[in-house]
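S.K.: Following this message is one structure expressed as structure tokens.
The values are calculated or read from the model by the stated rules, or taken from the named source; none is laboratory data. The shown structure was predicted, so the numbers you read here are calculated from the model rather than taken from an experiment. As a convention, Cβ positions derive from the backbone with ideal geometry for all residues, glycine included, and neighbour counts pool all protein chains shown. Ligands, DNA and RNA are stripped out before the accessible areas are found, and what is left, the full protein with its side chains, is counted by its heavy atoms. Shrake-Rupley method; radii C 1.70, N 1.55, O 1.52, S 1.80 Å.
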Amino acid sequence: MHHFVYCKGVLNAEDVPLPEIARDVGTPFYCYSSATLTRHYLVFREALKGLDATICFAMKANSNLAVLRTLADLGAGCDVVSGGEFEVALRAGMPAAKIVFSGVGKTEEEIRLAISRGVGQINVESAAELDTISRIASSLGRTVRIALRVNPDVAAGGHDKISTGRKEDKFGIDWSQVPDLYRKARTLPGVAATAIAVHIGSQITTLAPFEAAFTKVRDLTLQLRAEGFTIDHLDLGGGLGVPYDHLSNTQPPSPAEYGDMVRRVLGGLGCKLAFEPGRVIVGNAGVMVAKVIVMKDSPTKKFVVIDAAMNDLVRPAMYGARHEILPVVEPPMSPGAQPVDVVGPICETSDRFAQDCRLPPLKAGDLIAFMTAGAYGSAMSSTYNSRPLIPEVLVQGARYAVVRRRPSIAEMLALEQLPSWLADEQDAKTG
Ligand code: LLP
């Protein structure tokens, strides 16, 4: 459920008509709904009631400061995967103790930063990383809680590129090596190896792979406890899918069904649980709004060329993802929808958002909205083709604010400079 609905024939974000924002900030732009964000967080939290759970929002899905602050105010922590994310999370008001540091290749600088600022937990991805963390924590005079991120060899995820829990994937510690590594961790200074972490993929639309992985984690917990280890924290990762395309019938399990399964499989262990949902919290809370530049007909195709491109929303080009597209002005009841390709202006055939998708008649200047674009939308955008990152707007009720503005080309260029042997006098003068 989300708060992007037609009101008097115009698509609104909560109580704000999207054309009003378009007039103000220009297109394309991302727009997030505070009410949707809040609702999704609360629904997820409610689904975990009775469990001692912390929700560590996977900020790789959306790292906008205002989005993070909204979640921090609701009590969320964060799952971060870089030193940059860690710093942004702190700036957003996430308590360090509620931050989990994941990621398959953390640098020594990142590990040092996280430990010195009091990170809640580091999820360890390899034997070598365990040694590094122990060395750095000891040198800082700290003890940091670590989880071994285990690889349960479970296939899951909406797409091969986002499936992370199979044996051959780069993630996690191979199941066969896990017990020995816990034994080793117990002997190392600076680390408290009292946690297990697992994350098997993203956009998962059935409960079975979660249940298979969590069952393995339960068995491992019991096995380690039987050996005398204290295992009191389990980090169950993220991955719960969202419905993307109104035309497909894929209906992911609800957070409540997911929570029931977690309670059934892991509820009896008395562990503190951490969850790292990204998409399910923020996916439906955001749309990307773009404007039609031109309609282009060929004998075989109709193209809708828009001012957003693959650099702004890369998911269709990268994963073949389909985002529902809605005209911002509500079409008449029998709009005479026709199949069109919706494409961006970039010189790549992959710069295509939809193929043979049935849309009501559109013309230059019309606005369209890409639904479910709050997760891995802006966060994955780039400046390919020297296109500035597009603004992000947060709506709350009848008010809205630009929470990241569009940089000027001059600002983008400010990071570049010509070497002395290429700079001419004019450059030297203008700096
Ligand atoms: N925890 C870890 C360790 C992860 O690697 C991820 C996502 C999450 C949590 C959050 O997963 P979620 O709840 O959002 O499914 N760019 C891709 C998705 C990549 C997901 C990577 N890891 C996409 O646009 O579909």
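S.K.: Apply the a/c threshold of 1.5 to the C-alpha gyration tensor of segment 340-410 and tell me whether it is rounded, prolate or oblate.
M.R.: On the way: a/c = 1.90, a/b = 1.24, b/c = 1.53.
Oblate.
S.K.: What ratio of Cα Rg to 2.2 N^0.38 Å holds for the chain?
M.R.: Working it through for the chain, the quotient is 1.06.
S.K.: How large is the translational diffusion coefficient of segment 252-327 in µm² per second when you combine the Kirkwood radius over alpha carbon pairs with Stokes-Einstein at 37 °C and 0.692 mPa s?
M.R.: My calculation gives 198 µm²/s for D.
S.K.: May I pose another question? At a 10 angstrom cut-off on C-beta neighbours, averaged per residue, how do the peptides 130-139, 196-205, 286-295 rank from highest to lowest? The partial results should precede the final answer.
M.R.: On the way: 130-139: 18.9, 196-205: 25.5, 286-295: 22.2.
In decreasing order of mean packing, 130-139, 196-205, 286-295 become 196-205, 286-295, 130-139.
S.K.: So how far, in whole Å, is the C-alpha centre of segment 109-151 from the one of segment 38-82?
M.R.: Rounded to whole Å, the Cα centres lie 23 Å apart.
S.K.: Remind me, relative contact order of segment 31-283 in percent, using alpha carbon pairs under 8 angstrom and six or more residues apart?
M.R.: 22 percent
S.K.: Given a Förster distance of 41 angstrom, what is the FRET efficiency for Leu269 paired with Glu416, based on the Cβ-Cβ distance and rounded to 0.05?
M.R.: Step by step, r from the Cβ atoms, then E = 0.15.
S.K.: How large, in percent, is the carbon and sulfur part of the accessible surface of segment 1-129 at a probe radius of 1.4 Å?
M.R.: Ligands and nucleic acids excluded, carbon and sulfur reach 52 percent.
S.K.: Between beta-carbons, use under 13 Å as the cut-off and find the net charge around Tyr384, counting Lys and Arg +1, Asp and Glu -1.
M.R.: Neighbour charge sum, excluding Tyr384 itself: -2.
S.K.: From the mean inverse distance of alpha carbon pairs (Kirkwood) and the Cα radius of gyration, derive Rg over Rh for segment 31-283.
M.R.: 0.95
S.K.: To the nearest 500 deg cm²/dmol, what mean residue ellipticity at 222 nm is calculated for the chain from DSSP H runs of n ≥ 4 alone, each contributing -39,500 (n - 2.57), summed and divided by the residues?
M.R.: -8000 deg cm²/dmol
S.K.: List the aspartates and glutamates whose Cα lies under 15 Å from the Cα of Lys60, skipping any in the same chain that are fewer than 8 positions away.
M.R.: Those aspartates and glutamates meeting the cut-off are Asp79, Glu85, Glu87, Glu276.
S.K.: Taking segment 116-212, which GluC sites (Glu not before Pro) meet the DSSP loop condition and have no more than 14 other C-beta atoms within 10 Å? Don't jump to the answer; show the numbers that get you there.
M.R.: Working: sites: Glu125, Glu129, Glu168, Glu211; in loops: Glu125, Glu168.
In loop regions of segment 116-212 (DSSP not H, G, I, E or B), the sparsely surrounded GluC sites (Glu not before Pro) are Glu168.
S.K.: Also, quick follow-up: Tally Lys and Arg at +1 and Asp and Glu at -1 over the other residues with C-beta under 14 Å from the C-beta of Leu207: what net charge comes out? Present the calculation step by step, with values, prior to reporting the outcome.
M.R.: On the way: positive: Arg263, Arg264; negative: Glu211, Glu257, Asp260.
Neighbourhood net charge equals -1.
S.K.: Then there is this: Using a 1.4 Å probe, what is the accessible area per residue for the chain, in Å²?
M.R.: Values: 18880 Å² over 431 residues.
Heavy-atom accessible area per residue stands at 44 Å².
S.K.: I've got another one for you. Once the piece of chain linking Thr187 and Val104 is laid out straight, how much longer is it, given 0.36 nm per residue of separation minus the C-alpha distance between them?
M.R.: Working: separation 83, 0.36 × 83 = 29.88 nm, distance 2.29 nm.
Going from the current span to full extension adds 27.6 nm.
S.K.: Further question: Taking K and R as +1 and D and E as -1, what net charge do the other residues with C-beta under 10 Å from the C-beta of Ala195 add up to?
M.R.: +1
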